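Below is one structure, written out as structure tokens, with a few remarks after it.
The values are calculated or read from the model by the stated rules, or taken from the named source; none is laboratory data. Just so you know, these numbers come straight off a predicted model, no measurement behind them. As a convention, Cβ positions derive from the backbone with ideal geometry for all residues, glycine included, and neighbour counts pool all protein chains shown. All accessible areas refer to the heavy atoms of the entire protein, side chains included, with ligands and DNA or RNA removed. Shrake-Rupley method; radii C 1.70, N 1.55, O 1.52, S 1.80 Å.
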Amino acid sequence: MVRNIVIFGGSSHPQLTETICNDLAVPPARILLGKFSVGETRVEIGESVRGKDVFIVQSGGGNINDHLMELLITVSACKTASAQRVTVVLPLFPYSRQSDLPYNKIGAPLARMPNSVGREKQYTFETVPQTPYLGSQEDSSLHGVPDGLSHKLANLQMNDHRNGNGHHDGNHQPKSQDFATKRRSTIESVVSEKSDFLDGNGSVTSVDAINGRQEANDALAHSSKTPDFQPRRGYKQWVAQAGKLVADLLTCAGTDHVITMDLHDPQYQGFFDIPVDNLYGRLLLRKYIQYSIPDYQEAVIVSPDAGGAKRATAIADSFDMKFALIHKERRPTQINDRQNASMMLVGDVADRTAILIDDLADTSNTITRAAKLLKRAGAITVYALVTHGVLSGDAIERINASALDKVVVTNSVDQADHKRRCSKLEVLEVGNVFAEAIRRVHHGESISALFQYD
């Protein structure tokens with residue numbers, strides 16, 4: 001029995017909390033979770049946590065926003081009640097899949113140069129479009145710039161030059177450098193030059209100057225209108241870094257330590273100013289392959305995309321198994337259009353068992369399409385081994401109708417309803433892994449043993 005420890009379970013996965021408490025021989029702490037009539041989250045701690053080591057178990061599945069707010073309030077309540085340390089156990093870290101940058105991951109965005117007659121299209125590696133200036137060639141790829149704006153500004157400057165030379169007298173000698181052609185990046189700078197053509201009484205010496213100022217003002221009003229957004233090649237609409245925000249919220253609420261498993265992007269560990277232990281689900285998947293798949297050494301480990309290649313090769317190398325990769329490429333034509341990616345198999349799976357390895361399955365679109373591709377390539381049996389089986393939307397219906405023979409997930413999120421609706425689904429218990437991590441963290445022991453697979 002572990003002493004001086006308190007374990008609270010959120011409403012997202014009560015069965016996982018019960019498994020952890022049974023392994024540690026610690027009863028779950030009393031806590032009241034609910035909502036007020038207006039929809040606000042209600043949390044009441046039912047026992048003392050003063051000077052205790054508190055662990056709060058809350059997964060990222062289900063109603064994720066309500067569960068996250070519930071977790072933050074619970075952490076704050078424990079800190080307010082003088083808990084010695086508060087550790088958050090998040091088997092599935094929420095908002096960890098939104099790390100895309102507003103440009104292609106493979107390099108800097110490519111911007112097309114203006115088309116030339118009889119010349120092939122070229123690319124530049126500028127991260128932003130070049131600012132147009134007077135006398136420069138306008139880039140046809142720019143959106144929202146008034147037609148012929150640069151030409152109008154250039155003509156304005158030439159008219160001012162002629163007017164100044166033709167209407168000055170002996171007392172007002174204009175300086176030649178004032179009329180030299182300059183680079184101007186804004187329309188306001190051109191308008192401000194009109195002060196050079198006013199005499200001492202403030203009267204305008206040229207009718208053309210008045211027309212020029214009016215023309216510039218019209219161009220400024222036209223350019224101030226917000227243009228319709230049109231996506232350009234190489235760019236994506238800005239994606240908020242919600243994972244960083246969640247990390248800041250947990251830290252601000254009073255979290256001292258975070259334990260999670262198979263972060264979708266390991267860079268999220270760097271978003272925290274507190275210790276983060278990212279456990280791996282490879283041990284569970286590896287054991288399943290070794291003891292539940294017949295003739296597993298003749299099978300092929302397959303990564304459904306390039307991002308998970310390192311995860312899949314780690315398992316393939318540990319068993320000295322063959323490895324294959326499915327190249328997936330998304331090319332949306334509109335900002336809200338997520339077209340089905342084109343898939344291409346790299347490797348040989350003919351007359352073999354194919355084992356798909358992935359960290360998360362949400363809609364199951366990737367693994368079901370990959371299974372169809374593998375079956376077409378001659379695979380006899382297709383397994384899908386996934387750490388986090390979110391399986392939202394019509395994922396269960398997709399799996400039932402797909403070419404997948406078996407889908408293996410952990411219970412990092414509640415799988416009771418999924419298991420009932422899908423006969424192909426098999427669930428691995430992950431509670432004992434988190435229980436051992438909690439025990440080691442509580443006693444100050446190393447958790448390196450949880451990362452060893454050989």
- Message: Of everything in segment 353-368, what is open to solvent by less than 10 Å² (accessible area, probe 1.4 Å) and in a helix (DSSP H, G or I)? Give them in sequence order.
- Response: I367
- Collect the residues in segment 247-274 that are open to solvent by 50 Å² or more (accessible area, probe 1.4 Å) and either outside any loop (DSSP other than H, G, I, E, B) or not assigned by the TED database to the domain that holds T80 (or both), keeping them in residue-number order. D248, L249, C252, P266, Q267, Q269, G270
- Query: For S11, all conditions in the list (1) among the polar types (S, T, N, Q); (2) within 35 Å of the chain's Cα centre (by Cα); (3) not in a loop (DSSP other than H, G, I, E, B) hold save one; what is the number of the exception?
  - Reply: (3)
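What number of residues within segment 286-308 satisfy the criterion of being buried (at least 17 other Cβ atoms within 10 Å of the Cβ), of a type outside the set (D, E, K, R) and under 22 Å from D348 (Cα atoms)?
Narrowing segment 286-308 to residues buried (at least 17 other Cβ atoms within 10 Å of the Cβ): 286, 288-289, 293, 296, 299-305, 308.
From what is left, the residues that are of a type outside the set (D, E, K, R) are 288-289, 293, 296, 299-304, 308.
Narrowing further to those that are under 22 Å from D348 (Cα atoms): 289, 293, 296, 299-304, 308.
Matching residues across segment 286-308 total 10.
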- Note on the structure: Taking segment 275-285 and keeping only residues that are surrounded by fewer than 18 Cβ atoms within 10 Å (Cβ to Cβ) and in a loop (DSSP other than H, G, I, E, B), one is left with P275
- Task: Of all residues in segment 369-401, count the ones that are closer than 27 Å to Q15 by Cβ and either in a strand (DSSP E or B) or open to solvent by less than 30 Å² (accessible area, probe 1.4 Å) (or both).
- Result: 11
- Look at segment 36-78 and say how many of its residues are more than 22 Å from L92 (Cβ to Cβ) and open to solvent by 70 Å² or more (accessible area, probe 1.4 Å). 8
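Does V382 satisfy being modelled with pLDDT of 95 or more and touching a helix residue (DSSP H, G or I) at 6+ places or on another chain (Cβ under 7 Å)? Even if it seems obvious, please write down each step before you answer.
Details: modelled with pLDDT of 95 or more: yes; touching a helix residue (DSSP H, G or I) at 6+ places or on another chain (Cβ under 7 Å): yes.
Spelling it out, V382 is indeed modelled with pLDDT of 95 or more and touching a helix residue (DSSP H, G or I) at 6+ places or on another chain (Cβ under 7 Å).
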- Can we say V302 is of a type in the set (V, I, T), outside the structural domain of L68 (by the TED database) and in contact (Cβ under 8 Å) with a residue 24 or more places away in the chain? yes
- Query: Out of curiosity, is A350 of a type in the set (G, A, S), in a loop (DSSP other than H, G, I, E, B) and in contact with a Gly (Cβ under 8 Å, 6 or more places away or on another chain)?
  - Reply: yes
- Query: Only one of these conditions is not met by A361: (1) at pLDDT 90 or above; (2) among the small types (G, A, S); (3) more than 20 Å from H264 (Cβ to Cβ). Which number is it?
  - Reply: (3)
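Identify all residues within segment 416-443 that are open to solvent by 10 Å² or more (accessible area, probe 1.4 Å) and part of a loop (DSSP other than H, G, I, E, B); write none if there are none.
S423, K424, E429, H443
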